[in-house]
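To keep things clear, I will list the structure first and then write my remarks on it.
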Amino acid sequence: MRSFFRTLLASFIAAVIAFIIGGMIVTFIFVGSIGALFEGISVDQVAPSTKVKNNSLVHMNLNSMISERTHTSFNPSNFQVDNLLGIDAIRAGLKAAKADDKIKGIYLDLSGLAVGISTIEEIRQALIDFKKSNKFIIAYSEAYFQSNYYLASVADEMYIYPEGMMDFRGMGAELMFYKPMLDKWGVEMQVIRGSNNKFKSAVEPFLSDHMSDANRAQMETLLGSMWQHLKKGIEHERGISLADLDMIADSALVTSAEDAIEYKMIDGEKYKDEIIDLLKVKMGVESIDDMNILEFNKYAKKTLFKERENGNENGNIAVVYATGSIASGEGDLETIGSEGVSKALRAARLNDSVKAVVFRVNSPGGSALASDVIWREVKLLEETDKPIIVSMGDYAASGGYYISCAADKIYAQANTVTGSIGVFGVIPNLEGFLTNEIGITTDRVETNEYSTLTVTKPLSDKELLLMQESVDEVYDVFKGRVADGREGLDVPGVDSIGQGRVWSGTNALEIGLVDEIGGIQDAIDYAAELVELSEEDRTIIEYPIIEVNQFEALLEQLSEQMEQGNSDNDPGLSIHLMKQLKAIDEMTQMRGIQARLPFKMILK
């Protein structure tokens, strides 16, 4: 029955409907993050360096896209280099900077930041660890929003441009609904959800023009948990009470540099030249020429690449990455392919040198079938003497939780979006649109009762029942996988916290969906502890293995040289570095029953 439904549904998702579905990826934002972000400042009086010398200052600017893994790829169609900085490089760079006596401190330049909230948490924790070296961190921005402010709050001193702005008004979410538009077009979205999946709101935009009570309740709980964690982090680093932070947000008391200083959210206002003077004092030098400015992104990448070059193919801790939406096939570094990730997990399981596995999951879900294929490999690892520990990123929801639930232990950040245990199918009925808007009619000949299940006519009661049975069967399997993997949870218990409901990492800990609050380093440390490996003895091998492409490496060097030439007013060519957006493409590839989160989250 399930295989029949999967094959059938694949023919239903037409490109035009997938384009509409692409629009349902709702972006969560901090309320008040309006307007264009200001251009960032840089210490540009001297050429940046990637070589560590005496009196080195790390210039840390995180305005570019941040991925899970650092990698470079070349697109021959437009001769562009896609050069992504990853959390792995950021962690490696900060760890190296902490240990290097030639590095005196960090200039945290945060004029813009648009990454997931748990990614911010990973970076923030790495900066807190850096501070253990007693080296300074100075943060500066022309504008502070809640995302870059939360990250910058770890700094020893925070400054703002005198005429700059600050926005601190709490968290909010806005969802877009398509039913009124579809009604005008004569398009009916026939939705089949798992039984009682009332919280599975991915399909709600096609069914209504407003939030359901269940969806509103889960979003209030999710945002409330996230807001509480953010306030606690600021309270700990800045000494501002939770009550005062709520008062500031409730009354929008902080909008200018003057307000931020009055309410002690910022230490002072400074122009760029005054920040440079402060950095000279911190570094103990007379002139900025006496400082060696390290561009953090390049320094971090070089540190990571050196680790990879010296990496041990026979590492004793394997870190397997699963990033992006889940689908069948090989996938890549930004999408989860069931074949590709399964091969990676299998390689870690069969590698005799590997003693423990950390499975890094950052996914809003996707294909239920592909999720089950990956689940099987996690289960096989769990049945060996090699512990498998999951580390959740910004998301590990729906299919992302499906592939995690069989692990021995699960770590999540406090603001990780997880749970969403539920499934759905969407079958459009385009009959009214084709006939009334375009003037196309259809007719059919059938050999059997279900021969022409199609998007050009409504489903009959029998067809709807058939689809419902298939979706319910997948949901039952999903609940069973979770109950099997989570100690203390049975199938009814999973259903009571499932039904498509999303949870923050903090709430997920309370209900037993995760075991610990922490980041990927915490998961690695715990895995090493289980197999009695000291920090000196452990060696890391990452899967899928990133093959070094010499041509792409040459292009990266060429790009760096051109950038340096441009900094010297060289009018030569420049290679534009960018990240290709994949959201619409992912939706056009959507096939079969879905275990997918209804939104993506980004903080501004």
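By the count of neighbouring beta-carbon atoms within 10 Å, fewest first, Thr70, Thr442 end up ordered Thr442, Thr70. When you restrict to C-alpha pairs under 8 Å that are six or more residues apart and normalise by the size of the range 228-323, the relative contact order lands at 10 percent. Size descriptors for the range 425-523 (Cα atoms only): Rg and Dmax, in that order, 21.3, 61 Å. For Lys264, the aspartates and glutamates whose Cα falls under 15 Å of its own Cα, not counting residues fewer than eight places away in the same chain, are Asp156, Glu157, Asp167, Glu235, Glu237, Asp244, Asp246.
Rounded to the nearest whole Hz, the Karplus-based 3J(HN,Hα) values (6.51 cos²θ - 1.76 cosθ + 1.60, θ = phi - 60°) of the range 237-246 follow the sequence 8, 9, x, 9, 5, 4, 5, 5, 5, 5, with x at glycine and proline. Can you find, among Ser251, Thr221, Gly239, the residue sitting farthest towards the positive end of the charge dipole of the range 215-291, where Lys and Arg contribute +1 and Asp and Glu -1 at Cβ? Farthest along the dipole direction, towards plus: Thr221. Among Glu274, Glu295, a tally of other beta-carbon atoms within 10 Å of each Cβ gives an order, fewest to most, of Glu274, Glu295.
Mean projected area of the Cα convex hull of the range 208-367, taken over all directions, amounts to 17.2 nm².
Rounded to the nearest 20, the size of the Cβ-charge dipole of the range 74-180 about its Cα centre is 320 debye, with Lys and Arg at +1 and Asp and Glu at -1. Using the alpha-carbon positions of the range 124-218, Rg (one decimal) and Dmax (whole number) come out as 22.2, 65 Å.
Going from the residue with the fewest nearby Cβ atoms within 10 Å to the one with the most, Ile520, Ile389, Ile240 rank Ile240, Ile520, Ile389. For the range 377-450, the extents of the C-alpha atoms along the principal axes are 61, 34, 14 Å, listed from largest to smallest.
Laboratory data are not the source of any read-out in this text; all were calculated from the coordinates shown. Just so you know, these numbers come straight off a predicted model, no measurement behind them. Methodologically, a virtual Cβ is constructed for each residue, glycine included, from the backbone with ideal geometry; neighbour enumeration extends over all protein chains shown.
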